[in-house]
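What follows is a short report on a single structure.
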Amino acid sequence: MRAQVTNHADSSMFDWLRYRHLLWSLTWRDIRVRYKQSLLGVAWAILLPLSMMLVFTFVFTRAVQASSLMAVDMPYALFAYTGLVPWTFFSMSLMGCVNSLVANRNLVTKVYFPREVFPLSCVASGFVDFSIAMAVLVALMVYFHMTGDWAFVIHPSLLFVPVIVMVQVLLTIGLGMLLGMANLFYRDVRQIAGVGVQLLMFVSAVVVPIPKDGSTLALILSLNPLVPLIGAYRDCLIYGHLPATGGFLYASVTAVIVFVSGWVLFRRASYRFAECI
Amino acid sequence: MADEVVRFSRVSKRFRLGAGHDSLRDLLAAGMRKIVGRRSRGRRKPIIRALTDVDFSVDRGEALGIIGPNGAGKSTALKILAGIIRPDYGEVSVNGRLAALIEVGAGFHGDLTGRENVYLNGAILGMTRAEVGRKLDDIVAFAGLEKFLDTPVKRYSSGMYARLGFSIAAHVDPDVLLVDEVLSVGDAVFRLRCMDRMNELVRNGTTLILVSHNLDQMQSVCRRAIVLDHGRMAFDGSSQDAVAHYMQAMSKTYMSHRGDLSDGGEISSDVELESLTFHDGKREGVVWTRSGKAITAIAKFTLARPVPKLVVELNMRAMVSENLVSINSGRDGVTISAMAGEQEIQLAIPGLPVRGGQYFWNVRVWDGDSGEILCDSPFRYPLCIDDGGRATGILCIDHEWSVVRSKSTVSIPKPHSDVGGDSKIREGEHENMPVR
């Protein structure tokens, strides 16, 4: 006789929708807790990418002269910030997901609800920070426009930005579920993911453009779906045109595959979480 | 036919101690061994059978207690019901909204205020924000934390924490409420209010499943109880019978383990306490008796030296309380002049008129001349007393009811005699007004 559970434990992929109140509550908790007992509070959502932008601007334009930066045809600060904002969203959400199940061990072992809620709330709270940081980007764009460093045009391609965000969110959730689940079984995953994310930053055209010289290295690096994704933000926000179809399609397909496989595997393993954590 | 809300049929669950590999290093090492072809012998993780073929169902509005020794599978059963873990075999169905209180305040975040945690915990237990908003005042009033609502819970005492946690769960209005051993927290008044609240929920049609080691508490809420022992159903029936069954099983286990308890509480090396047993008139070594029935306590110990004025005291107490009974040979004016060697002191008691439950005894031995305490054993000699479910309160005393009909005080409801002239009122019932 196989085990049959005809209550909530055996429900569908969309079970978490019934628990959306909880999703919002956990998201709100994450945000609330992150900025509690801090003087600057939510301002950190802006200060973090902004200070990183300043660091990289200093490093790459004053301290060292990197030849690859020649490929950047916009003010470097702008290049760095448009890369750092989506990158921060990606990396913070991902690391949040990796930790989420273990950090909420108490809930995993003591209360039932669909476990998808944990990674989902990490991405949702990352999205709140992302939105705030995006608002600052507008201010930055106005500044560079005023100083004459870059001429912005309001272009309909801005309307494409939500699609890019969507693709990024799918990719993050999928990866986050896979890694969060793996971390539950083997805590090593968190360490590996930490190093991996650091490395990924430098090969995702976040602060340094990737080489496009047709070398083997360039070919391997172009397999990273984050490259066309982050490039797409710059295309729509800075250059004012739609991203190149091929690259963006590749990123989207990858994101959907990662998302679906991540979600399915997560669901299938989730009933073992409480025992294995 | 009452409708069945919870069904647990032939459920089995096993756990492997030390789940899988603890780190990637172990996994890689195990993988290597597999490749090399060497079986790692003796390193298999042992398997625990947490539940084996457990079968029960609960109807709407019924309160079921689950009792059993530690490790009997009580919490596993609750976690399976709650959907936290999945059984290996068997079927579980829960009909309706379920709230599980497996740990008080699971999911509380220390940095958030009481109010914020009520909303968060409410959501965790399945309430919407609007629902929590409606019930917030009740929840806070029940927990008695009005003044601390905007204080972060990390500043709460553990009692306040527990009160708020229980209060939230008690206001979810679930169809099925699971409560796991959480009422051992909070002060006595709050514990009583928790029980009142649980009784109220059950009256209003909530199905309650309560796991508790506090048998008195369990009995006052649940009419029916099951006993789990080593993951198997040992008993299913009225909670009084379940407690009696459990007590007997516990005492047997206790007796078989008694050899392990080396510390008899001997303070002086002059005395070695052997045992305290009970004789109910039929046989020695009973651990179970009826309330009010005659029983003899037999204390056996060995003295290394003669004690001309020996004082022996036997004390009985319930699980959590002060002494209920203290009987002291010295106070009774009994002089025991004991030679060295084995002693057997008997104390005949015509009856222990206490409410049913589990009681524990200890033995104290003094040297009456010097006042030196020779032995003060722990309260570890059990005696279960069954009152047949008659008593609540502390005592179960002999009593007899009689109804003395009286013009001035009896007020039996009046039949509807205004229809027709045939009066059915019997003598003595004409007047309902008290007459002096």
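The values are calculated or read from the model by the stated rules, or taken from the named source; none is laboratory data. Model, not experiment: these values are computed from the prediction. Because the Cβ atoms are built from the backbone with ideal geometry, glycine has one as well, and the counts that use them run over all protein chains shown.
Among B:Ala72, B:Ala50, B:Ala77, which is the only one that is buried (at least 16 other Cβ atoms within 10 Å of the Cβ), modelled with pLDDT of 85 or more, among the small types (Gly, Ala, Ser) and part of a loop (DSSP other than H, G, I, E, B)?
B:Ala72
Please go through segment B:111-129 and give me each residue that is touching a helix residue (DSSP H, G or I) at 6+ places or on another chain (Cβ under 7 Å), among the small types (Gly, Ala, Ser) and either assigned to a loop (DSSP other than H, G, I, E, B) or at the interface with chain A (Cβ under 7 Å from one of its Cβ atoms) (or both), ordered by number.
Within segment B:111-129, just B:Ala123 meets the criteria.
Just to confirm my filter: which helices (runs of 4 or more DSSP H) fall fully inside segment A:28-147 and include at least 3 residues that are surrounded by fewer than 18 Cβ atoms within 10 Å (Cβ to Cβ) and more than 14 Å from chain B (Cβ to nearest Cβ)?
Here the list reads A:44-58, A:117-147.
Does segment B:95-147 hold any residues that are surrounded by 23 or more Cβ atoms within 10 Å (Cβ to Cβ), touching a residue at least 60 places away in the same chain (Cβ under 8 Å) and in contact with an Asp or Glu (Cβ under 8 Å, 6 or more places away or on another chain), and which are they?
Residues satisfying the conditions are B:Leu98, B:Ala100, B:Leu101.
Specify the residue that is nearest to B:Phe379 (Cα to Cα); the eligible residues are those in segment B:269-294 that are in contact with a Ser or Thr (Cβ under 7 Å, 6 or more places away or on another chain) and not in a strand (DSSP E or B).
B:Val287
Could you tell me how many of the residues in segment B:152-180 are in contact with a helix residue (DSSP H, G or I) (Cβ under 6 Å, 6 or more places away or on another chain) and surrounded by fewer than 21 Cβ atoms within 10 Å (Cβ to Cβ)?
0
Got a number for residues in segment A:187-219 being in a helix (DSSP H, G or I), among the hydrophobic types (A, V, I, L, M, F, W, C) and closer than 22 Å to A:Gly174 by Cα?
9
Here are B:Phe142, B:Phe108: which of them is touching a helix residue (DSSP H, G or I) at 6+ places or on another chain (Cβ under 7 Å) and either within 23 Å of A:Tyr19 (Cα to Cα) or within 13 Å of chain A (Cβ to nearest Cβ) (or both)?
Only one candidate passes the filter, namely B:Phe108.
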